[in-house]
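Novice: Take a look at this one; I'll ask things after.
The values are calculated or read from the model by the stated rules, or taken from the named source; none is laboratory data. Everything numeric here is computed off the predicted structure, so don't read it as measured data. Cβ coordinates were reconstructed from backbone atoms using ideal geometry, including for glycine residues, and neighbour counts include every protein chain displayed. Just the protein is used for accessible areas: all its heavy atoms, side chains included, with ligands, DNA and RNA removed. Shrake-Rupley method; radii C 1.70, N 1.55, O 1.52, S 1.80 Å.
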Amino acid sequence: MNKTIFNITKMDCPSEEQLIRMKLQNFDTVKSLEFDIPNRKLNVYHSGNPEPIFSALETLNLNTTLISTEETNAVVETDTSNSQRKLLWTVLIINFVFFGLEMLFGIFSNSMGLVADSLDMLADSIVYALALFAIGGTIARKNNIAKFAGYFQILLAVIGFVEVIRRFIGIEAMPDFKTMIIVSVLALIANVLCLYLLQKNKSKEAHMQASMIFTSNDVIINSGVIVAGILVNWLNSSYPDLIIGAIVFVVVARGAYRILKLAK
């Protein structure tokens, strides 16, 4: 058996991890995957040539580099389908609940930042749902679901971006900065919990500490909405909310593009 180490520059949160797992799930040569998210490293234990694995990873456009390949006698352990399903259902439910909460409070508080952040939570929910369907599922079913989810997510991102532009050139009521901050703090806690649960499942990677958590896109986005809420109050302007909303919609669209890559 061989151990191949990849450097994946844009792998900075569990969503990318799930995309990689789904991309490689149909490779019979792959025996186990070890993720080191803080250092952007992926260890693949496999038989045969690493080039097909490298080619598959490159299609995700996560800036993948093959570092080294060597023979190993290491004994690898794989998670059972039941444990994977339990974990994925947990993080899926957390993300989907906060998608609903942020969307609801975003509409009521007139905050595009919260609405955009809710779509980012939905994007994560879609990734985890795809992973659930992928466990024991057929390639055709996975591809169909990935296509639907990807195009649906892009549609939401485009609608959101158009709304941001409309608010930039129009006159809109000021967003409720208190609601923005409170809901974003709760979403931040939820994302940290998800990351903790996902990393806790990897006993061999216990060295991953809070430094990994705070490099994730989700935590950065939550923090951005909190800062935007503070600036809305400080500057008495809705522009900070609109700017963070526009940025997050771009992130959501990028995530949708990656999901569509899985269908190819």
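Novice: Consider segment 92-121. How many of its residues are surrounded by fewer than 24 Cβ atoms within 10 Å (Cβ to Cβ) and assigned to a helix (DSSP H, G or I)?
Specialist: 13
Novice: Quick one: how many residues across segment 171-204 are at pLDDT 90 or above and β-branched (Val, Ile, Thr)?
Specialist: Counting residues in segment 171-204 that are at pLDDT 90 or above and β-branched (Val, Ile, Thr) gives 5.
Novice: Kindly indicate whether Leu87 is open to solvent by 10 Å² or more (accessible area, probe 1.4 Å), of a type in the set (A, V, I, L, M) and either more than 24 Å from Val248 (Cα to Cα) or modelled with pLDDT under 90 (or both). Reasoning before the result, please.
Specialist: Values: open to solvent by 10 Å² or more (accessible area, probe 1.4 Å): yes; of a type in the set (A, V, I, L, M): yes; either more than 24 Å from Val248 (Cα to Cα) or modelled with pLDDT under 90 (or both): yes.
Taking the combined requirement at face value, the residue satisfies it.
Novice: Now for a different question. Quick check on my filter: what residues within segment 23-58 are under 17 Å from the mean Cα position of the chain (by Cα) and β-branched (Val, Ile, Thr)?
Specialist: Scanning segment 23-58 gives a single hit, Ile37.
Novice: State whether one or more residues within segment 33-48 are assigned to a strand (DSSP E or B), under 18 Å from Ile259 (Cα atoms), touching a residue at least 40 places away in the same chain (Cβ under 8 Å) and not hydrophobic (A, V, I, L, M, F, W, C).
Specialist: Of segment 33-48, the ones assigned to a strand (DSSP E or B) are 33-36, 41-46.
Among the residues that remain, those that are also under 18 Å from Ile259 (Cα atoms) are: none.
No, segment 33-48 has no match at all.
Novice: How many residues are out of contact with any Gly (no Cβ under 6 Å at 6 or more places or on another chain), free of Cβ contacts under 8 Å to residues at least 60 places away in the same chain and open to solvent by 10 Å² or more (accessible area, probe 1.4 Å) when one looks only at segment 17-32?
Specialist: So the count comes out to 5.
Novice: Determine which single condition Pro52 fails, assuming it passes every other condition in (1) modelled with pLDDT of 90 or more; (2) assigned to a loop (DSSP other than H, G, I, E, B); (3) not polar (S, T, N, Q).
Specialist: (2)
Novice: State yes or no: is Phe168 at pLDDT below 70, among the aromatic types (Phe, Trp, Tyr) and open to solvent by 70 Å² or more (accessible area, probe 1.4 Å)?
Specialist: Numbers: at pLDDT below 70: no; among the aromatic types (Phe, Trp, Tyr): yes; open to solvent by 70 Å² or more (accessible area, probe 1.4 Å): yes.
It is false that Phe168 is at pLDDT below 70, among the aromatic types (Phe, Trp, Tyr) and open to solvent by 70 Å² or more (accessible area, probe 1.4 Å).
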